[in-house]
Amino acid sequence: MRHHLYNRNFSFVKEPESFDKYTERELLQYCLGATMYMPGTKDITSKLLDGKLAGLTSFVMCFEDACPKEKINEAEKNVHNMLDKLTAAIDEGKLSSDNLPLVFVRVRNIGQFDDFAAQLTKHQLRCLCGIVFPKFSAANGRLYFEKLRELNYKFSENLYGMPIIENTEVAYKETRISELLGIKIVLDSYRSLVLQIRVGGTDFSSVFGVRRGVDYSIYDIMTVRDCLCDIINIFGRNNDYVISGPVWEYFRAPKELMFDELPSHGLDDYLMKRLPIVNQEIDGLLREVILDKANGFVGRTVIHPTHIKYVNALNAVTKEEYEDAVMILGNTEGGVVKGTGSNKMNEIRPHTNWASKIYNRARAFGVIENEGSYIKLFA
């Protein structure tokens, strides 16, 4: 799999690298990008085989919020069937493994994880990258990862876990820090199995009876912003874990976006000054992804296929950022040097974590010429 296959003619300064579920974790954790969630009852096998989802690089089949309880058995059978058909298609040459997105399953709870795992086969696991754990907490987290480790041992496979931090103990100020520290103890014990940490912006909003409008970002909702801030503070230190951004709920995007004339200013100028680019819904998404990057998130959950290319495009790295990162990582003497473009200082030691994140994002999403190239990439 490789990012930006929806725009094969785009000229990168540095091409994004290919990846699959067996790519080393150091890079793979940066590669998910726009991870699309869909009900476990939905079968997209034919679309994958026909190449109709060219921009899709990772997706989650959901047994939890997106799936009614009475349809769990149907959903489990559908997912097992999909995994069998995708693996068979690769074996028969009908699908290249290079065109298979990373596939994850979001379980409903520990018991349902047991039920689903009991029916898994080694054949199916070749196309399954990991399990998403909802309402992850200090209380249930260790059991989730123990079961995951047992599954890996049983099949000699490599399945990752992705916890979703979205529970009320984190939403409530008086219990938040102790809960997050408890979760970190669990994750540190299973670090090699943790691919990403995911966050539940909608769940946090629900606790307080709020919902961001299309003209606002999740960072404008103060109670939710505080939750996200503390999650980044505890899990984002020294790039310990890659944390993905929360879902954007609005969509009204055309399947094909063409400009008669490309906008002449930088993307940030348009979005932060509220000048229209695409439409209200997509501009809101783009604005929020810019703030994701500023705060240290990488990629995000999406619930509509038209969102994929916008999120993945904005995770590409500009040439100036990339050259600064390479300069910093290649300097063994420390100190301060003039940055690329002669417009900033690069302080080697304080900027090393930033440079490492930029370098890995560049490997995953590619390097583009400048800010103006973002629009060319997603258009």
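The values are calculated or read from the model by the stated rules, or taken from the named source; none is laboratory data. For clarity, every value in this text was computed on a predicted model and none was experimentally measured. Neighbour counts are summed over all protein chains in view; Cβ atoms, including those assigned to glycine, are modelled from backbone coordinates with ideal geometry.
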- Query: Among 157, 179, 150, 174, which is the only one that is modelled with pLDDT under 95 and of a type outside the set (Ser, Thr, Tyr)?
  - Reply: 157
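Confirm whether residue 311 is among the β-branched types (Val, Ile, Thr), surrounded by 24 or more Cβ atoms within 10 Å (Cβ to Cβ) and over 20 Å from residue 9 (Cβ atoms). Give the derivation first.
Values: among the β-branched types (Val, Ile, Thr): yes; surrounded by 24 or more Cβ atoms within 10 Å (Cβ to Cβ): yes; over 20 Å from residue 9 (Cβ atoms): yes.
It is true that residue 311 is among the β-branched types (Val, Ile, Thr), surrounded by 24 or more Cβ atoms within 10 Å (Cβ to Cβ) and over 20 Å from residue 9 (Cβ atoms).
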- Note on the structure: Considering segment 146-163, residues that are surrounded by fewer than 22 Cβ atoms within 10 Å (Cβ to Cβ) and of a type outside the set (D, E, K, R), and then whichever is nearest to residue 242 (Cα to Cα), we arrive at 159
- Item | Every residue from segment 320-350 that is of a type outside the set (Asp, Glu), buried (at least 19 other Cβ atoms within 10 Å of the Cβ) and out of contact with any Asp or Glu (no Cβ under 8 Å at 6 or more places or on another chain) | 322, 325, 328
- Expected single match for out of contact with any Leu (no Cβ under 8 Å at 6 or more places or on another chain), under 23 Å from residue 195 (Cα atoms) and of a type in the set (S, T, N, Q) among 96, 18, 11 is 18
- If only one of 283, 324 is more than 22 Å from residue 3 (Cα to Cα), of a type in the set (Asp, Glu), touching a helix residue (DSSP H, G or I) at 6+ places or on another chain (Cβ under 8 Å) and at pLDDT 85 or above, which one is it? 324
- Query: Which of the helices (runs of 4 or more DSSP H) contained wholly in segment 57-158 include at least 3 residues that are closer than 17 Å to residue 44 by Cα?
  - Reply: 72-91
- Quick one: would you say residue 278 is more than 22 Å from residue 361 (Cα to Cα), assigned to a loop (DSSP other than H, G, I, E, B), at pLDDT 70 or above and not polar (S, T, N, Q)? yes
- Item | Test for residue 371: is it farther than 20 Å from residue 18 by Cα, surrounded by 16 or more Cβ atoms within 10 Å (Cβ to Cβ), within 24 Å of the chain's Cα centre (by Cα) and not small (Gly, Ala, Ser) | no
- Message: Among the listed residues 213, 200, 245, identify the single one that is surrounded by 22 or more Cβ atoms within 10 Å (Cβ to Cβ) and at pLDDT below 95.
- Response: 200
- Message: Being within 25 Å of residue 248 (Cα to Cα), surrounded by 18 or more Cβ atoms within 10 Å (Cβ to Cβ) and in contact (Cβ under 8 Å) with a residue 24 or more places away in the chain is the requirement here; does residue 179 meet it?
- Response: no
